[in-house]
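Q: Before I ask anything, here is the structure I am working with.
The values are calculated or read from the model by the stated rules, or taken from the named source; none is laboratory data. Source: prediction; values computed, not measured. No Cβ is skipped: glycine too gets one built from the backbone with ideal geometry, and neighbour counts run over all protein chains shown.
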Amino acid sequence: MTRCYIGTNFLYLHLRQRDDPAVAAWRIRLETELAGEAGVVSALVLDELAYRSVLGWLRDTGDNNPVSTFRTSTSAVMRKMRTRLGRLWAAIDELDFELATTDRTVISQAVSFMSNPGLAPRDAFHAAHALDSGCSVMVSSDPDYDRLTALRRLGPG
C-alpha cells in the first residue's frame, strides 16, 4: 500500500470519462498503488473539481464560452447545476477519501515550494498537502510535480 494524493485532473477524468481506456488503465494503476486504502484529497481538489465540472457541463449544453457564462451568471449557473453537483458529491463520497487539512505547516511548505522548485501556487499547495498527509505519490498528469524528489508522480500512460 502506498499513500496517494489524488489530483483534480485524475478525479475529473475518472468521474467524467469512465469508458476511456487510458483513464481505465490509470485507474487500475492507482488501485494497485492504494491496495484497498483510501486516497487523500484536499478542499482545494474539491473546489477545482466542482469548478471544472460546472464548466464541462456548460460546454456539454453547447455553451461556447463557459468561463464567461459562469463569471457573469454564477448564481444562476450554480442553481441550474444543483442536481449534477449533488450527483458529483455523492460520487466523491463513495470514493471515501481522506481529507487533508490546511494548517500553518502546509502553508509554510507551499510557500517554500513556490520558491524552490518554483511551483505554481495551486501545485505548491497540492504538494504540501500530499507530503503533510504522508503521501509519497501524487496522482496527476502535471509533470511539474516531477521536480519534487519527495513525491513520485503517478500519471496517465
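Q: I'm checking my understanding of the structure. Among residues of region 102-122 that are in a helix (DSSP H, G or I) and not hydrophobic (A, V, I, L, M, F, W, C), which one is farthest from G134 (Cα to Cα)?
A: Ranking the candidates gives S115 first.
Q: Looking at V23, V41, V45 in this structure, which one is surrounded by 17 or more Cβ atoms within 10 Å (Cβ to Cβ), touching a residue at least 60 places away in the same chain (Cβ under 8 Å), in contact with a strand residue (DSSP E or B) (Cβ under 9 Å, 6 or more places away or on another chain) and not hydroxyl-bearing (S, T, Y)?
A: V45
Q: Listed residues L99, L55; which is under 16 Å from the mean Cα position of the chain (by Cα), at pLDDT 95 or above and in a helix (DSSP H, G or I)?
A: Answer to the check: L55.
Q: Could you list, in sequence order, the residues of region 98-126 that are free of Cβ contacts under 8 Å to residues at least 40 places away in the same chain, within 15 Å of T8 (Cβ to Cβ) and touching a strand residue (DSSP E or B) at 6+ places or on another chain (Cβ under 8 Å)?
A: None - no residue of region 98-126 is free of Cβ contacts under 8 Å to residues at least 40 places away in the same chain, within 15 Å of T8 (Cβ to Cβ) and touching a strand residue (DSSP E or B) at 6+ places or on another chain (Cβ under 8 Å), so the list stays empty.
Q: Closer than 29 Å to L58 by Cα and surrounded by 13 or more Cβ atoms within 10 Å (Cβ to Cβ) - does that describe any residue in region 110-119?
A: no
Q: Scanning region 1-36 for residues that are farther than 19 Å from A130 by Cβ and not in a helix (DSSP H, G or I), which turns out modelled with the lowest pLDDT?
A: Result: R18.
Q: Within the group A76, A90, which residue is over 20 Å from the mean Cα position of the chain (by Cα) and free of Cβ contacts under 8 Å to residues at least 12 places away in the same chain?
A: None of the others qualify; the one that does is A76.
Q: Would you tally the residues in region 48-69 being surrounded by fewer than 18 Cβ atoms within 10 Å (Cβ to Cβ), within 20 Å of R87 (Cα to Cα) and not aliphatic (A, V, I, L, M)?
A: Qualifying residue count, region 48-69: 6.
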